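A quick write-up on the structure given underneath.
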Amino acid sequence: MDELTPAILERAALPVDFTVDDKVRRRVAECREYTATAMSDGRAVYGATHGRAEGLGSNSSCGAHA
């Protein structure tokens, strides 16, 4: 394994460009909609409504359903 150097850490902090397949984009959009709907219905969504530190904002990530 390579040694972790300051130069490697600096590169890791830079933006990364990548391409996402349309199927993945649709899946992410479906998940976001599911999460938004669940939250507006007052349902608990792990990582969005509980299971994280207070004060981290209201943005959520996928994981609401399998």
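The values are calculated or read from the model by the stated rules, or taken from the named source; none is laboratory data. All values reported here derive from a predicted model rather than from experimental measurement. Virtual Cβ from ideal backbone geometry, glycine too; neighbours counted across all protein chains shown.
Here are the numbers for the structure shown:
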| quantity | calculated |
| --- | --- |
| Unique residue being part of a helix (DSSP H, G or I), surrounded by 10 or more Cβ atoms within 10 Å (Cβ to Cβ) and either in contact with a helix residue (DSSP H, G or I) (Cβ under 8 Å, 6 or more places away or on another chain) or modelled with pLDDT of 85 or more (or both) when the list is C62, C31 | C31 |
| Residue tally, condition over 15 Å from the mean Cα position of the chain (by Cα), part of a loop (DSSP other than H, G, I, E, B) and not hydroxyl-bearing (S, T, Y), over the stretch 6-28 | 7 |
